[in-house]
Amino acid sequence: MNMRERQRTRGEEKTPPLIVENLSVHYPLRGRRNVVAIDDVSFFIEAGETIGLVGESGSGKSTIGKALLGMAPVTEGAVTYASDSDSDTKKIPGLRQMVFQDPFGSFNPRWKIRRSLAEPLRPHGLVRGEIRSRVEEAIESVGLSVSYLDRFPHEFSGGQRQRISIARALINRPEVLIADEAVSALDVSVQAQVLNSMKQLQQEHQVATIFISHDLSVVQFIADRVIVLYFGQIMEEASAAGIFAKPKHPYAVALLGALPSVKTTTKDRIQVRGEPPSQENQTKGCPFASRCPFALETCVQERPAIRIMPDGGSVACHRVNDDGSRDYDISSAIEHFEDIKE
Ligand code: ADP
Ligand code: MG
């Protein structure tokens, strides 16, 4: 699908900060085989928007994040940042940031946190007082006091370091932030505080954020749009409100139906048994067909194209109608009910 056309049909005027077109990532294995970690993925993200990237462990979430920052091989397709063709912004460092789950190694152990936070601001031509106040604001935004600035990384708990790495990633107001399980290790109360301030900073500075998480309630809180990944492919993409209320793809129904905070009756969830197919044996049909209670022969034989839905989302499923309704009956799978396993 042509992402530029797609974006224009949404009535957006500005070039999005990031467009991903037909991205595939293959990891070489020993011998001549490859692991196809990402298979023909396309999407774009608008300034200030948060996309939640969800899917089971091994579905390729981290690989997408890494490929966007050149940390995983782009085997096919293109990752295009608007700022790359803009001569004013091209050379500004730190426009793209990533926060991982365990960022300990990313802090210089010999630097006080103050310096680690100030460092990304240096190339921006700020005067000393400005740097100081930005650094103080940043640490307070993740709920830590200014007095912590004069401590070294080892003096913090894992959760505190996680918060500092979020503060650092946002300090120079990047155009794109990739947060990979960035709040997953935090206590729930701290998590809520950090999510709130992340949301506020993102909106204030129009940071396009790709938020990777296995925690669906966190995604529901923070994301504007959600991409459901399975086996390195996009199954469904939709507004967060839309997809949590009424997922279309059977896999999305199974995955999102498992969210405890969303009121679902058993009949709104479906069972997913069995294992995903092996990454080394690409299926010709839908990758979910082997586990889908609604799969038809076509699903096994033919990979469903991604189709744009009237509500602006998109879905790759033979069993979703063009008007966005389901061509299958969830209640027919009720007797096999079982939660999807993370
Ligand atoms: P997720 O973040 O959704 O759990 P990943 O992106 O980490 O998924 O992994 C996607 C697939 O790619 C998995 O099958 C994983 O085993 C494989 N993979 C990830 N990194 C590498 C690597 N460096 N070399 C080979 N295979 C990898
Ligand atoms: Mg991961």
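The values are calculated or read from the model by the stated rules, or taken from the named source; none is laboratory data. This one's a predicted model, so the numbers in the text were calculated from it and none came from an experiment. Virtual Cβ from ideal backbone geometry, glycine too; neighbours counted across all protein chains shown. Calculation scope for accessible area: heavy atoms of the full protein, side chains included, ligands and nucleic acids excluded. Shrake-Rupley method; radii C 1.70, N 1.55, O 1.52, S 1.80 Å.
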* For a quick protection proxy, order the peptides 137-143, 199-205, 311-317 by their average other-Cβ count within 10 Å, most packed first. => 311-317, 137-143, 199-205
* Asked: To the nearest 10 square angstrom, how much accessible area does residue 215 have with a 1.4 angstrom probe?
  -> 50
* Just report the Cα centroid separation between the stretch 22-82 and the stretch 114-159, whole Å. => 32
* For residue 328, tell me the accessible area in Å² from a 1.4 Å probe, rounded to the nearest 10. => 20
* To do: Heads up, I need the accessible area for residue 248: 1.4 angstrom probe, whole protein in place, Å², nearest 10.
  => 20
* To do: Measure out, as a whole number of angstrom, how far apart the alpha-carbon centroids of the stretch 298-326 and the stretch 207-231 sit.
  => 21
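Given a cut-off of 24 Å, what percent of all Cα-Cα pairs of the stretch 18-162 lie beyond it?
Pairs farther apart than 24 Å: 49 percent.
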* Structure fact -> Given a 1.4 Å probe, the accessible area of the stretch 144-268 per residue, as a whole number of Å², is 35
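Can you bin the stretch 134-261 into rounded, prolate or oblate? Criterion: square roots of the alpha carbon gyration tensor eigenvalues sorted a ≥ b ≥ c, rounded for a/c under 1.5, prolate for a/b above b/c, oblate for the rest.
Details: a/c = 2.53, a/b = 2.03, b/c = 1.25.
Because a/c hits 1.5 or more and a/b exceeds b/c, the stretch 134-261 counts as prolate.
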